[in-house]
Amino acid sequence: MNTLIQSQVLALLISSLLSSAVYAQEPGQHTGILDAAKIEQLTGAKGKLDTAENVFKVSVPRSDLTVTVAGVKMSAATGFTSWAAFSFVGEKVMIMGDMVLQEDQINPVMSTALENGIEVTALHNHFLWDTPKVMFMHIGGSGELDNLASGVGKVFAKIKETSTTKITTKPKSFDVSKTSLDPKSIETIIGATLEKTGEVYKATIGRTTQMDGHTVGKSMGVNTWAVFAGSNDKAIVEGDFAVLESELQGVLKALRGAGIAITTIHNHMVGESPRIVFLHYWGEGSSNDLAKAFKSALDTQTKT
């Protein structure tokens, strides 16, 4: 009897140990501990470990900003703190975060992120009636801890470097109603027809997705568009790119590499499949250079 009981207890113990080992190896499970000291060193920011979720989060309050919202003086604690959170995903590390940026900081900080392996996933406002205007750039990514933490550190450093930049309103250099540029040259470069709308020229390139079992496309707003205005030598381009999630980083890199400013990244719809992300942009220069920048971003997208 004693031998039988001992055998049963041993079997239960082995079963329990095997179950624990399997559980620890399930996808998404990681029993390791994040190297907090290394994260703080590489990001240059202090952090805190959430032991329940095994997430280490570093924060940089924008205490250098003096922001009012609808006449109310705000503080970093009211939502003006940049942060990045680190968590294990299998054997790799995932990051998510949010950067608090003044308008003139957005594009240099975005370029720093993209150049250092950090994905940019959204860019939008959190407030109305804020002075100065503040935008929020969400970041993400997965990979090796050292690479991600170092990339985040460079993003934080760029924010600090550009925090003293005086934000000024760009002077109006011309009136778009007096546009005189040559549309044929732009059409040749981008490979699409321009439609004259008022005194400016617009290209619209449709895409499709599914909503509630129905195809929606160009005329329903699922499109990439660009408005060109000004002269051949002094022009602007502004518009919206409709991109698949897998295309977002490539389009951002192409536009920023060509000196085009990104002004917003967000969704226009919910429940569509495949999901479409929209990014708005603004560029200044010669009409041909702007057309080449637009085409370089188009060329990174799936040809469907």
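Exposed loop positions in the chain were taken to be GluC sites (Glu not before Pro) whose DSSP state is not H, G, I, E or B and which have at most 14 other beta-carbon atoms within 10 angstrom. Between these positions, the longest stretch is 200-304.
Cβ-Cβ distance of S177 and S75, R₀ of 35 Å, FRET efficiency by 1/(1 + (r/R0)^6): the value works out to about 0.20. Sorted into 20 angstrom bins from 0, the C-alpha pair distances of the chain split as 27, 48, 18, 5, 1, 0 percent.
Semi-axis lengths, largest first, of the ellipsoid equivalent to the range 44-132 are 26, 17, 11 Å, with √(5λ) applied to each eigenvalue of the Cα gyration tensor.
With a simple spin-label model that places each label point 7 Å from the Cα along the Cα-to-Cβ direction, the separation between A157 and D299 comes to 3.2 nm. For the chain, the relative contact order comes to 13 percent (Cα pairs under 8 Å, sequence separation of at least 6).
Could you tell me which helices of the chain pass both thresholds, a Cα extent of 24 Å or more along their own axis and a mean Kyte-Doolittle hydropathy of at least -1.0, with helices taken as whole DSSP H runs? Taking the DSSP H segments of the chain (at least 24 Å long, mean hydropathy at least -1.0), we get 2-25, 145-162.
Length gained on full extension, T208 to K133: 23.6 nm, using 0.36 nm per residue less the C-alpha separation. Counted over all Cα-Cα pairs of the range 107-244, pairs farther apart than 26 Å make up 51 percent. Normalised per residue, the accessible area of the range 223-303 is 39 Å², obtained with a 1.4 Å probe and no contribution from ligands, DNA or RNA. The portion of the accessible surface of the chain made up by carbon and sulfur, rounded to a whole percent, is 55 (1.4 Å probe; DNA, RNA and ligands excluded). Determine, from the Cβ-Cβ distance of H126 and S286 and an R0 of 35 Å, the FRET efficiency 1/(1 + (r/R0)^6), rounded to the nearest 0.05. E(calc), rounded to 0.05, equals 0.45. Once the Cα-Cα distance is subtracted from the 0.36 nm per residue extended length, the S142 to K234 segment shows a gain of 29.0 nm. Size check on the range 65-110: the Cα extents along the three principal axes, sorted descending, read 48, 24, 13 Å.
In terms of its C-alpha gyration tensor, the range 91-131 comes out oblate, because a/c is 1.5 or above while a/b does not outweigh b/c. Pairs over the 25 Å Cα-Cα cut-off, from the set K184/K303; K178/K253; K234/K303; K92/K160; K218/K292; K196/K218: K178/K253; K234/K303; K92/K160.
Note on the chain: helix-only mean residue ellipticity at 222 nm, from DSSP H runs of 4+ residues weighted -39500 (n - 2.57) and normalised by residue number, equals -9500 deg cm²/dmol.
Estimated from the Cβ-Cβ distance and a Förster radius of 35 angstrom, the FRET efficiency linking E115 and S219 is about 0.40.
The values are calculated or read from the model by the stated rules, or taken from the named source; none is laboratory data. Just so you know, these numbers come straight off a predicted model, no measurement behind them. Here the Cβ is made from the backbone with ideal geometry for all residues, glycine too, and neighbour counts use every protein chain on show. When the accessible area is computed, the model is the full protein with side chains, heavy atoms only, and any ligands, DNA or RNA have been set aside. Shrake-Rupley method; radii C 1.70, N 1.55, O 1.52, S 1.80 Å.
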